[in-house]
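Down below is the structure, laid out as C-alpha cells.
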Amino acid sequence: MKPSVVLATAIIADGAKLSLRRHDGHYHIRVDGELLMSTTATASEAQMADLALVRPDAAAAKHVLIGGFGFGFTLRRVLELVGEGVQVQVAELLPEIVAWNREHLQSVNGRLLDDPRVEILMEDVFAVLSRAQPGTYDAVLLDVDNGPVALVDPRNQRIYADPGLKTLSRAMKVGGRAVFWSGSTGEAFLKRLRKAGFVADAIDAKAYPQAQVKTHTLFVADWNG
C-alpha cells in the first residue's frame, strides 16, 4: 500500500486540526482525521457550474459568486464557461485552503486563483451575501460544509435556513440561479427553497464520472422575483 504523505497542517479557529495529504497521486484534506474533501470525487462540483451557467433561456452571467473554494474544481468549470469581463468572486473562510492551493496544488487548480476574472474573499459567504447590493449576482454556487443536510458545523445552518435564503434571494438578479451542493438528499430543504419563493428542484449527481450510483444532490433554485 502506498503511504499517505502529509504536506501541511494547521489548527483552525475552533481548535480542530486541518491537514493536506497526498496519496497515490490524489490529494485529500482532513479535519481531525476525518475526510473533508478529495480530488478523487469532483464530478458533482463541476456539474454545479454547468447547471448554473449553461442556460439557453437566460442571459450570459456577468457576476458569479462561489461559496467555498475547496480544490477549485467548481471554479475551473465556471472559468471554462464564462467569457472575459465576467467577475467571479470566491468566498473561502479558511485561509489555509487558499494558501495550500497556491503552494502545493498549482498542478490541480491553484493557478486559477490568479486568473484576472477571479476575486478571492477570505470570509464567510453568508457575510458576502449579506452586504451585497440587491440584484448583484447572476449565479451563486454554494458548496458549504456538507450542504443543507448532515452539517459538520451547525453554524453553517444559517445559509440554508429561511433568513439565509431571504438574504440570498435579495442578492440575486431576477432570473438568476443558485445551486447548492449536498452530500445527501433533503426533501425538507427543497420545500424550504420553494417556500422562500425559488423555483427549485433536486438533481442526483455522481461523485466521479465512472460512479455507478449517484450519491450527491444538487439543489437548483431559480429566483424570478
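Values in this text are rule-based calculations from the coordinates and carry no lab data. Treat the numbers as computed from the prediction; the structure is a model and nothing was measured. Neighbour counts run over all protein chains shown; Cβ positions are idealised from the backbone, glycine included.
Relative contact order (percent) for the chain, with alpha-carbon contacts under 8 angstrom and 6 or more residues of separation? Don't skip to the answer; put the middle values down first.
Numbers: 451 pairs, mean separation 38.8, N = 225.
Taking the mean separation of contacting Cα pairs over the length of the chain, I get 17 percent.
Check Met37: other-chain or 5+ apart residues with amide H under 5 Å from its amide H, H built from backbone geometry?
For Met37, the qualifying residues are Ile29.
Nearest 0.05, what FRET efficiency do Asn146 and Lys17 give at R0 = 22 Å with Cβ-Cβ as r?
It comes out at approximately 0.70.
Give the angle, between 0 and 90 degrees and rounded to the nearest 10, that separates the Cα long axis of helix 43-53 from the longest principal axis of the Cα atoms of the chain.
30 degrees
Suppose we keep just the DSSP beta bridges with both residues in the chain; what percent of those would be antiparallel, to 5?
In the chain, approximately 60 percent of DSSP beta bridges are antiparallel ones.
How large is the dipole of the chain about the Cα centre if only Lys and Arg carry +1 and Asp and Glu carry -1, each at its Cβ, rounded to the nearest 20 debye?
I would put it at about 300 debye.
Measure up Lys17/Lys173; Lys191/Lys214; Lys17/Lys191 against 30 Å on the Cα-Cα distance and list the ones that go over. Please list the in-between numbers first.
Details: Lys17/Lys173 39 Å; Lys191/Lys214 21 Å; Lys17/Lys191 36 Å.
Listed pairs above 30 Å: Lys17/Lys173; Lys17/Lys191.
Work out the FRET efficiency for Ser107 and Ala8 from their Cβ-Cβ distance, taking R0 = 22 Å, and round it to the nearest 0.05.
0.90
Among Val125, Gly85, Ala221, whose Cα sits farthest toward the positive end of the charge dipole of the chain (+1 at Cβ of Lys/Arg, -1 at Cβ of Asp/Glu, about the Cα centre)?
Checking the options against the dipole of the chain, the answer is Ala221.
Using alpha-carbon pairs under 8 Å, 6+ residues apart, how would you state the relative contact order of region 87-162 in percent?
30 percent
Go ahead and set up a Gaussian network model of the chain, Cα springs under 10 Å, then flag whichever of Ser19, Ser44, Ser169 fluctuates most.
Ser19
By how many degrees, 0 to 90 and rounded to 10, does the Cα axis of helix 162-171 deviate from the longest principal axis of the chain?
80 degrees
Which is the longest stretch in the chain that no exposed loop site breaks, taking sites as GluC sites (Glu not before Pro) with a DSSP loop state and at most 14 other Cβ atoms within 10 Å? Kindly include the intermediate steps, with their values, before the conclusion.
Details: sites that count: Glu84, Glu123.
The longest such stretch corresponds to 124-225.
Antiparallel as a % of all DSSP beta bridges within region 107-225, to the nearest 5?
Here the share of antiparallel DSSP bridges comes out near 75 percent.
Hey, with R₀ at 30 Å, roughly what FRET efficiency would Gln210 and Asp32 work out to, going by the Cβ-Cβ distance, to 0.05?
For Gln210 and Asp32, the calculated efficiency is 0.50.
Counting only C-alpha contacts under 8 Å and six or more residues apart, can you give the relative contact order of region 36-84 as a whole percent?
51 percent
Under 10 Å, Cα contacts only: if you run a Gaussian network model on the chain, which one of Ser107, Ser38, Ser130 comes out with the highest mean-square fluctuation?
The residue with the greatest mean-square fluctuation here is Ser107.
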